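The values are calculated or read from the model by the stated rules, or taken from the named source; none is laboratory data. The model shown is predicted, which means the values in this text are computed figures rather than measured ones. Note that we place each Cβ from the backbone using ideal geometry, even for glycine, and neighbour counts take in every protein chain shown. Protein only, heavy atoms only, side chains kept; ligands, DNA and RNA dropped before computing areas. Shrake-Rupley method; radii C 1.70, N 1.55, O 1.52, S 1.80 Å.
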Amino acid sequence: MHLVLSTDGPVATLTIDRPAKRNALNYEMWSAIPSFAAEVAADPAVRALVIRGGENFSAGADIGEFQDLRRDAEGARRYQVAIHAATTALAELPKPTIAAITGFCIGGGCELALACDLRLSADDARFGITPSKLGIVFSLPSTKQLVDVVGPSWAKQILYTGEIIDAPTALRIGLVNELHPADALAKRARDLAELMASRSQVTIRGAKTIVGRIIDGQTTEDEAVHALYEGSVTSADYAEGVAAFLEKRQPRF
């Protein structure tokens, strides 16, 4: 297994550790991601997840498996099910997720990063989604995540051409949130995760749910949204937040 989950205080880190293959993701790795996400979701002490690589975030899918696991249509479908399960598990994790991107973030690596809430990048990273070089139609859920982040025009350019784009371009089109020197990236990702971990988790869960609903086209409030409001103002977090405000101190959520 080339994925390592570690926990330090309120922040969990999932490290892609396959440097000999530029952190290419194989079937076993895709298949393991939902269980890692479930472990993070189930741990009340963990409040944020950072996904990172080493020299590279991930150069994409393991091309070596095309010969054995993805050679025919049936194998390709099975492989896509595993990818979809992994990205869905990350996207639906009810805690903040941050991709800390170094080096190559290509194909499946970019797909993994898009499933996270935020993407922080080294200023020399490279990005691309390359199904047009393989005759593969990129899945609808992952295409939607790309469109949600960069808009339809840039999504088309990225998918039609398979070109590799640099980090400043990725920042300009909204593919990443921030750029940092490579040697400062890990600290910034950790600091941001800790900041989120210090905030009200009631607020964060509600915000993640409502932003997701807006992205999916919801424009009006319904009973589920009203339940989020009611749950927040009757929560211990709300009582602590108001008390801290009145006492002019930092809240302790």
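Checking the cross-link pairs LYS133/LYS156; LYS21/LYS156; LYS187/LYS248; LYS208/LYS248 against a 24 Å limit on the alpha carbon distance flags LYS21/LYS156; LYS187/LYS248; LYS208/LYS248 as lying beyond it. Going by accessible surface with a 1.4 Å probe and the largest first, ARG77, ARG190, ARG52 read ARG77, ARG52, ARG190. Rolling a 1.4 Å probe over the protein heavy atoms leaves MET1 with an accessible area of roughly 110 Å². Sequence-distant contacts, meaning Cα pairs under 8 Å at least 6 residues apart, place the relative contact order of the chain at 17 percent.
For VAL150, the solvent-accessible surface with a 1.4 Å probe is about 20 Å², rounded to the nearest 10. Net charge of the neighbourhood of THR234, taken over other residues with C-beta under 15 Å away and scored Lys/Arg +1, Asp/Glu -1, is -2.
Largest first, the residues ASP62, ASP17, ASP216 sort by 1.4 Å accessible area into ASP216, ASP17, ASP62. Taking R0 as 51 Å, what's the FRET efficiency between GLN250 and ARG77 from their Cβ-Cβ distance, rounded to 0.05? So, using R0 = 51 Å, E works out to roughly 0.50. Where a ≥ b ≥ c are the square roots of the eigenvalues of the C-alpha gyration tensor, would you call region 70-173 rounded, which needs a/c under 1.5, or, failing that, prolate if a/b is larger than b/c, or oblate? Oblate. Note on ALA42 and VAL147: their simple-model spin labels are 3.6 nm apart, each label 7 Å out from Cα toward Cβ.
Which of the GluC sites (Glu not before Pro) found in region 122-230 are loop residues per DSSP with 13 or fewer other Cβ atoms within 10 Å of their Cβ? If you can, show how the numbers build up before the last one.
Details: sites: GLU163, GLU178, GLU194, GLU221, GLU223, GLU230; in loops: GLU163, GLU221.
Of the GluC sites (Glu not before Pro), the ones in loops of region 122-230 whose Cβ has at most 13 other Cβ atoms within 10 Å are GLU163, GLU221.
Taking Cα centroids, how far is region 153-194 from region 230-249 in Å? Centre-to-centre distance over Cα atoms comes out at 35 Å.
Look at the alpha carbon pairs under 8 Å that are at least 6 residues apart: their mean separation over the length of region 10-102 gives a relative contact order of 43 percent.
The stretch between THR161 and GLU240 holds 23.3 nm of extra length on full extension. This uses 0.36 nm per residue minus the Cα-Cα distance. Sorting TYR229, TYR160, TYR238 by solvent-accessible area of protein heavy atoms yields TYR160, TYR238, TYR229, largest first, with a 1.4 Å probe.
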